[in-house]
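S.K.: This is the structure I have questions about; it appears just below.
Read the figures in this text as sums done on the coordinates, not as results from a lab. Please read all numbers here as calculations on a predicted model, not as lab measurements. Here the Cβ positions follow ideal geometry from the backbone for every residue, glycine too, while neighbour counts run over all protein chains shown.
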Amino acid sequence: MNFKQAIISCFHHYATFTGRAPRSEFWYWVLFTFLAATGLSFIDTVVFGYPQGLLSNLFSLAVIVPGIAVSVRRLHDVNRSGWWLLVGLIPFVGIILLIVWYCTQGDTGDNQFGADPLSGVSPAMHNTPIPPAPPSQSQQL
């Protein structure tokens with residue numbers, strides 16, 4: 001999964017807390033949010049003179065749900081419940097444990113949280129677009 005596909009996937013699965021996310025999707029999302037927040041903070045301070053960071057704060061609010069969702073899906077990829085995200089509330093140890101899990105290779109094959117997101121993906125398929133999600137029942141009515 002490349003950078004663009006990862007960002008599209010995270011916005012496409014905005015509040016999807018089921019399934020699995022590969023390492024590339026998670027880490028590209030972290031990179032995207034860091035770069036965007038840094039750029040918006042720079043624009044807030046230098047261009048508009050907002051020391052409180054109005055644009056960067058609005059951006060952070062907009063991406064908090066997909067950020068939590070991709071974190072939960074990443075934990076699912078290493079066969080951990082999304083509730084393990086709360087271990088990050090433990091100072092130092094919790095954050096280190098989460099980083100280790102985020103860096104760990106996901107389970108090969110299916111696990112209790114779904115199919116392997118990398119199963120059957122060849123290097124040539126990394127540049128294929130993500131197919132749209134099927135319409136929900138409320139959209140079909």
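S.K.: For PHE34, work out the one condition from (1) within 17 Å of SER24 (Cα to Cα); (2) surrounded by 15 or more Cβ atoms within 10 Å (Cβ to Cβ) it doesn't fulfil.
M.R.: Failing condition for PHE34: (2).
S.K.: From the list VAL78, VAL46, VAL87, exactly one residue is in contact with a Phe, Trp or Tyr (Cβ under 8 Å, 6 or more places away or on another chain) and aliphatic (A, V, I, L, M). Which is it?
M.R.: VAL78
S.K.: Still on this model: Against the conditions (1) within 14 Å of ARG74 (Cα to Cα); (2) surrounded by fewer than 16 Cβ atoms within 10 Å (Cβ to Cβ); (3) not aromatic (Phe, Trp, Tyr), where does GLY39 fall short? Just the number, please.
M.R.: Condition (1) is where GLY39 drops out.
S.K.: Does at least one position in the range 80-91 carry a residue that is under 17 Å from HIS13 (Cα atoms), in contact (Cβ under 8 Å) with a residue 60 or more places away in the chain and not charged (D, E, K, R)?
M.R.: Checked against the condition, which is being under 17 Å from HIS13 (Cα atoms), in contact (Cβ under 8 Å) with a residue 60 or more places away in the chain and not charged (D, E, K, R), the range 80-91 yields at least one hit.
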